[in-house]
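Data first, discussion second: the structure below is written as structure tokens.
The values are calculated or read from the model by the stated rules, or taken from the named source; none is laboratory data. Everything numeric in this text was worked out from a predicted model, so none of it was measured. Here the Cβ positions follow ideal geometry from the backbone for every residue, glycine too, while neighbour counts run over all protein chains shown. For the accessible areas, the whole protein counts, side chains as well, though only heavy atoms, and no ligand, DNA or RNA atoms are used. Shrake-Rupley method; radii C 1.70, N 1.55, O 1.52, S 1.80 Å.
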Amino acid sequence: PSDSDEDIRIDTIFVSRTDSSDAESLERVEYRDAFALTEIKASTQSLSDAYKQLLRYTRQIYATQHNRRFAWGFVLCGTIAKVVLFSHDLAIASAGMDLAESDGRTAFIKLLVDFSYCEEEKLGYDPTVTWDAQLNCWIIECPQLDDAASKPKRPMIYYARDPEIPADRLFGRHTRGFLASLDYKKVDTPDTFIKDAWPHSSRDAEHDPRDEIEMAREIGDTLGQQDDNGLLYVNVRHGGIVQCRRNATLCNDDTDAILGDIVDDVAAGVRNSKLDALLESDEDEAAEKGTYDLVFFRTHKRIATVPVGQPLTTLTSPYELMIVLADVMQAHANILENCQILHRDLSTNNILCVRGDNSKPVRGLLIDFDCAIRVGEERVRRPERTGTPPFMSISNLTKSNVERSELDDWESALYIVCWLGVHGVSEEDRDARAERIKDQPRELCAVEKWGLGTFEDVAVLKKGDLATEVTFEENILQYFIPGDAYDELKGLARRMHAILFFNPLLDESCHGTARRYERSSRQSPAERMKLLLSEKIVNAKNPLKVTKIDPFEMRYNQRHEISEYLLVVMNNMASLSKELL
């Protein structure tokens with residue numbers, strides 16, 4: 001296909017045509033035209049390889065088809081054909097159809113006929129997002145809720161060019177971000193950001209603990225779009241659960257709508273298979289079912305918000321980055337204090353910069369509350385991971401039993417500073433760094449490795465990199481891009497690391513990244529030696545009175561004080577940056 005940067009040759013591509021079209025030979029096929037992709041192998045022994053190739057190809061369907069809800073695919077190994085349904089978390093293969101046998105050919109032909117007759121929704125397309133060739137833009141229906149009746153109203157119609165954020169992964173939320181306008185004449189001067197995604201949710205849509213739209217509405221209602229200090233907050237214009245038709249009935253677009261009658265069988269198979277580790281299921285049946293709903297079940301949601309911002313890649317210097325981060329972390333603190341909502345997913349993708357006229361500095365905007373929780377509400381029985389690995393806190397990566405708090409988000413902010421300090425804030429700095437290292441064989445530095453490996457691998461790396469002030473300096477800070485502005489950013493990172501992990505105002509039990517054992521009572525060297533030589537030590541359970549110390553838990557108990565120190569440092573650096581700019 002020509003609309004991909006990957007040099008891949010697809011064996012067979014299924015496309016769809018209306019019944020009025022003549023059959024035609026397609027010399028050029030693009031992923032955006034594909035209904036389903038096929039991988040063909042000579043032998044049934046190669047089925048596993050065929051699946052792997054199909055998984056790799058199908059990601060491109062989501063990346064190029066901006067109205068695709070889910071996808072289909074085929075594998076043909078020897079004479080055995082299988083159809084594969086890609087949901088947002090699983091790939092589900094049918095039983096084999098042997099094309100060398102009459103029954104197998106009949107089943108395969110029946111499948112193609114059924115595809116030809118079924119509704120657009122069952123093919124995986126989204127009829128609420130359509131391309132208008134005459135207007136040369138996408139027409140997007142955004143749900144809205146009748147607050148008085150608490151029922152969906154007629155959707156609002158937005159107009160947008162291709163998404164700024166495409167869904168470029170095979171599994172997951174498939175988040176797409178469009179810059180849009182209610183007036184098609186203003187499609188090139190959009191004033192609204194539309195987020196289309198499939199977040200995890202509860203089957204009980206009215207009592208969903210992870211309802212981003214409800215949280216964003218509450219933030220807007222409580223804090224407004226801009227407060228007295230000029231801080232910006234995301235505000236909802238329209239939004240809700242996308243509706244689709246199932247057997248001619250309008251219903252919520254969710255995992256049930258995709259899997260239909262097989263949803264319970266698939267769910268049971270998932271819960272009883274080796275995928276239990278993925279679903280984090282407990283031995284207790286009720287808890288297992290609750291976790292299944294939380295991890296496996298997804299609902300299609302669409303939200304239109306203001307103001308419109310730009311990604312961090314458009315920043316021009318580390319000074320602008322520090323101003324934006326100070327805005328975001330102050331807004332983060334205000335949201336936590338006034339709305340009791342904790343974001344839990346700070347990353348370079350969830351922070352935007354907003355520019356006004358040239359007389360005012362750039363401002364920061366915190367977006368994407370998909371992973372947010374209400375502080376104080378009952379948690380799932382086992383800790384969960386949320387976020388983007390390079391920016392996830394150590395406790396988050398290890399699924400620590402220490403409750404998530406604002407300190408985890410501050411730790412993510414530190415990783416953002418380190419990531420951009422090493423890779424470059426501005427496009428010019430990133431290009432210069434890429435040119436500098438292009439022809440120099442080298443080992444990846446610590447920050448670059450944060451984007452590789454498993455969650456556990458990244459956690460081990462971060463524990464080592466942040467273990468002491470020396471390792472932080474040698475493994476991370478020395479790899480920052482050289483220059484005065486980056487020296488100031490390095491100073492911010494150094495201060496944040498010290499306050500988070502080695503705060504001089506806190507007991508040493510709060511320091512570091514590793515659990516350790518400490519004596520719970522003060523004994524002189526002579527007393528300890530006497531105890532070691534005593535016969536009583538053989539049967540004593542804890543003769544030296546040693547206590548296990550978890551610095552993350554100790555810091556959690558001091559989270560409010562630590563956060564206040566960090567906020568002071570961040571605001572001071574932002575003030576300095578404004579002066580230097």
Practice item. Please indicate, with yes or no, whether at least one residue in the stretch 27-43 is surrounded by 15 or more Cβ atoms within 10 Å (Cβ to Cβ), over 22 Å from Pro166 (Cα atoms) and out of contact with any Leu (no Cβ under 9 Å at 6 or more places or on another chain). Key: no
Point to revise | Among the candidates Arg169, Arg105, residue that is surrounded by fewer than 17 Cβ atoms within 10 Å (Cβ to Cβ) and under 28 Å from the mean Cα position of the chain (by Cα) | key: Arg169
Review point. Is there a residue being surrounded by 19 or more Cβ atoms within 10 Å (Cβ to Cβ) and of a type in the set (Lys, Arg) anywhere in the stretch 69-80?
Key: yes
Revision key, fill the gap. Of the residues in the stretch 478-493 that are in contact (Cβ under 8 Å) with a residue 40 or more places away in the chain and of a type outside the set (Gly, Ala, Ser), the one that is surrounded by the fewest Cβ atoms within 10 Å (Cβ to Cβ) is Tyr479
Revision key, fill the gap. Checked the stretch 233-264 for anything of a type in the set (A, V, I, L, M, F, W, C) and part of a strand (DSSP E or B); matches are Val236, Ile241, Cys244, Leu250, Cys251
Revision key, fill the gap. Of the residues in the stretch 87-97, those that are at pLDDT 95 or above and over 10 Å from Thr44 (Cβ atoms) come to Met97
Exercise for review: Output yes when any residue across the stretch 174-188 is of a type in the set (Val, Ile, Thr), open to solvent by less than 20 Å² (accessible area, probe 1.4 Å) and farther than 27 Å from Leu336 by Cβ, and no when none is.
Suggested key: yes
Revision key, fill the gap. The number of residues in the stretch 238-262 that are among the charged types (D, E, K, R) and crowded, with 19+ Cβ neighbours inside 10 Å is 2
Practice item. Restricting attention to the stretch 494-510, report how many residues are surrounded by fewer than 19 Cβ atoms within 10 Å (Cβ to Cβ) and of a type outside the set (S, T, N, Q). Key: 9
Exercise for review: Please go through the stretch 465-476 and pick out each residue that is closer than 28 Å to Lys578 by Cβ and in contact (Cβ under 8 Å) with a residue 24 or more places away in the chain.
Suggested key: Phe472, Ile476
Practice item. Return the pairs, sorted by first residue and then second, in which the second residue is among the aromatic types (Phe, Trp, Tyr), the first residue lies in the stretch 214-229 and is open to solvent by 20 Å² or more (accessible area, probe 1.4 Å), the beta carbons are less than 7 Å apart, and the residues are 6+ apart or on different chains. Key: Leu223/Tyr233; Gly224/Tyr233; Gln225/Tyr233
Review point. When the stretch 322-381 is examined, which residues are found to be in contact (Cβ under 8 Å) with a residue 40 or more places away in the chain and small (Gly, Ala, Ser)?
Key: Ala326, Ala331, Ala333, Ser347, Gly364, Ala372
